[in-house]
Amino acid sequence: MHLERLIHLLEIIAVVGRPISATEAQIASGLPKPTCYRLMQTLQEQGLIEEPNNDGRYVIGERLIRIALLGKSDVDVRRVAAPLLKVAATKFNETVFLARFRDGKVEIIHVETPDDPARAFIHPGLGERPMHACSCSKAIAAFTEQNFQDKILQGSLQAYTDHTKATREDLLAEFDIIRKQGFADCDQEIDIGISSVAAPITIGNIGATFSVGAVGPVRRFGTDYRHNIGRQLTQLATKISGAIQLCNVAEV
């Protein structure tokens, strides 16, 4: 019964679509005032609701948003992101990919390629990418907490090519550049002849948990070309963020 009441209050706060007062929640729930206020306090203490403006009005909390996001499988995310990635692949006439950060690592989970049969393109494959030497990883790492960045920098910074940034100083400087320009470069850092660019996908207040990128042969992916695509990827990232937050796990 106690849990049912808590869930009912969360549902009321979620569907309103704006900050809601405890009085409004009490009226909507039909609960006695002391009971409703006590339950609201419990939800706030657990981070499931928040009072962002300290004005007695509440919204769904960051902790609950994080739980909901973690509950979205790769299938859920691909379902809503794939159409946007396909449009971008067609627009850029380049391979576009989506990466996800979880368990301390970044993995590419979906790839869309251009339809042009005369276009040579690069397929990056699926799976884990090094945190220090791939645009999709660095786009996320640059926006993580300092302690996680320190963990990356203390790990094995393998130099895959002569272009790989494999020192703490170089990576810290690059993270700063990424934060300023809003996207990350990978210029032949893993494979000679292949370059990429990626932008972080921020979900609510919980930071960059995904990234979206484009990859291609270095003969096309010069600095200006990458940066032009990078700026467009930041806009695409905003659209994908909205799609991920709205996707309904129950439909899958």
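Values for this structure:
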item: Total residues in the stretch 108-129, condition closer than 28 Å to residue 147 by Cβ and surrounded by 17 or more Cβ atoms within 10 Å (Cβ to Cβ); result: 3
item: Matching entry among 187, 176 (being more than 21 Å from residue 148 (Cα to Cα), of a type outside the set (S, T, N, Q) and modelled with pLDDT of 90 or more); result: 187
item: The listed residue being in contact with a Lys or Arg (Cβ under 8 Å, 6 or more places away or on another chain), surrounded by fewer than 17 Cβ atoms within 10 Å (Cβ to Cβ) and not assigned by TED's automatic domain parsing to the domain that holds residue 220, out of 47, 56; result: 47
item: Single residue of 221, 183, 210 found to be crowded, with 21+ Cβ neighbours inside 10 Å and under 30 Å from residue 50 (Cα atoms); result: 210
item: Hits in the stretch 197-210 - residues which are among the small types (Gly, Ala, Ser) and at pLDDT 95 or above; result: 198, 199
item: One residue from 156, 196, 211 being in the same structural domain as residue 130 (by TED's automatic domain parsing) and in a loop (DSSP other than H, G, I, E, B); result: 156
item: Any pair with Cβ under 8 angstrom, 6 or more apart, that starts in the stretch 30-57 at a residue that is without any contact (Cβ under 8 Å) to a residue 12 or more places away in the chain and more than 14 Å from residue 13 (Cα to Cα) and ends at one that is hydrophobic (A, V, I, L, M, F, W, C) and outside any loop (DSSP other than H, G, I, E, B); result: none
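Conditions tested, residue by residue: (1) touching a strand residue (DSSP E or B) at 6+ places or on another chain (Cβ under 6 Å); (2) more than 19 Å from residue 241 (Cβ to Cβ); (3) outside any helix (DSSP H, G or I).
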| site | (1), (2), (3) |
| --- | --- |
| 88 | yes, no, no |
| 107 | yes, no, yes |
| 144 | no, no, yes |
| 152 | no, yes, no |
| 160 | no, yes, yes |
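The values are calculated or read from the model by the stated rules, or taken from the named source; none is laboratory data. Quantities reported herein were computed from a predicted structural model and do not represent experimental measurements. Neighbour counts are summed over all protein chains in view; Cβ atoms, including those assigned to glycine, are modelled from backbone coordinates with ideal geometry.
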